[in-house]
Amino acid sequence: MANKWLVTFNQAKTESMLISKYINKPDSPPLFMNNQQITEVPEHKLLGVILSNDCSWSAHIKYVTEKAWKRINVIRSLKFTLNRRSLETIYLSFIRPLLEYGDVIFDNLTNFKQN
C-alpha cells in the first residue's frame with residue numbers, strides 16, 4: 001500500500017505497541033516491515049504526550065512533572081533578582097503551558113497510581 005501512495009517508511013524508526021487494560025496481555029505475533037521485525041515498545045511519545053500500553057498516564061505525568069520542576073528551579077534562582085510580575089510572566093509563559101498541554105486527553109483521569 002505504501003508503494004501505491006508513494007510513501008516510504010523507515011523500519012528503524014517504526015515501533016509497535018499493543019494497548020490493553022488486561023494484566024495478562026494477549027500474545028500478538030511479531031510485526032514485520034520489509035522482512036525486518038518492528039520493535040514492540042511499552043510506551044510511545046506522540047506530539048509531546050506519552051501514550052502507555054496499559055492506558056495509564058503515569059509515564060506522561062512523571063515526564064511533565066520532571067520537566068516542570070526543572071523550570072520552577074530556574075524561577076527559584078531568580079526570585080530575588082526579578083520582581084513578582086516578571087516571575088509571574090515567566091510562569092505563565094514557560095511552566096503553565098507545559099502543565100496544561102494535552103490536558104483534554106487525560107483530564108478524565110480519576111485514579112492516578114504512581115509507579
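The values are calculated or read from the model by the stated rules, or taken from the named source; none is laboratory data. Source: prediction; values computed, not measured. Neighbour counts are summed over all protein chains in view; Cβ atoms, including those assigned to glycine, are modelled from backbone coordinates with ideal geometry. Side chains are part of the model used for accessible areas, which takes the heavy atoms of the whole protein and leaves out ligands, DNA and RNA. Shrake-Rupley method; radii C 1.70, N 1.55, O 1.52, S 1.80 Å.
Some observations on this one:
- The lone criterion from (1) open to solvent by less than 70 Å² (accessible area, probe 1.4 Å); (2) touching a residue at least 40 places away in the same chain (Cβ under 8 Å) left unmet by VAL64 is number (2).
- Among the candidates PRO30, PRO26, residue that is at pLDDT below 85 and either at positive phi or part of a loop (DSSP other than H, G, I, E, B) (or both): PRO26
- For THR81: the one exception among (1) loosely packed, with under 12 Cβ neighbours inside 10 Å; (2) in a helix (DSSP H, G or I); (3) at pLDDT 90 or above; (4) among the β-branched types (Val, Ile, Thr): (2)
- Top-ranked residue in the stretch 67-78 [being under 26 Å from the mean Cα position of the chain (by Cα) and not basic (Lys, Arg); ranked as most open to solvent (accessible area, probe 1.4 Å)]: TRP69
- Annotation note: Cβ proximity below 9 Å between a residue of the stretch 91-107 that is at positive phi and a residue that is modelled with pLDDT of 80 or more (sequence gap 6+ or interchain) occurs for GLY102/LEU47; GLY102/GLY48; GLY102/VAL49; GLY102/HIS60; GLY102/VAL64.
- For the stretch 31-54, filtered to residues that are open to solvent by 80 Å² or more (accessible area, probe 1.4 Å) and among the acidic types (Asp, Glu), the residue that is nearest to PRO97 (Cα to Cα) is GLU43.
- Hits in the stretch 79-103 - residues which are of a type in the set (A, V, I, L, M, F, W, C) and within 23 Å of the chain's Cα centre (by Cα): LEU92, PHE94, ILE95, LEU98, LEU99
- Total residues in the stretch 5-17, condition within 23 Å of the chain's Cα centre (by Cα) and either under 24 Å from ALA59 (Cα atoms) or open to solvent by 60 Å² or more (accessible area, probe 1.4 Å) (or both): 8
- Which listed residue is in contact with a Ser or Thr (Cβ under 9 Å, 6 or more places away or on another chain), without any contact (Cβ under 8 Å) to a residue 40 or more places away in the chain, of a type outside the set (Phe, Trp, Tyr) and open to solvent by less than 60 Å² (accessible area, probe 1.4 Å), from SER86, SER58, SER28, SER20: SER28
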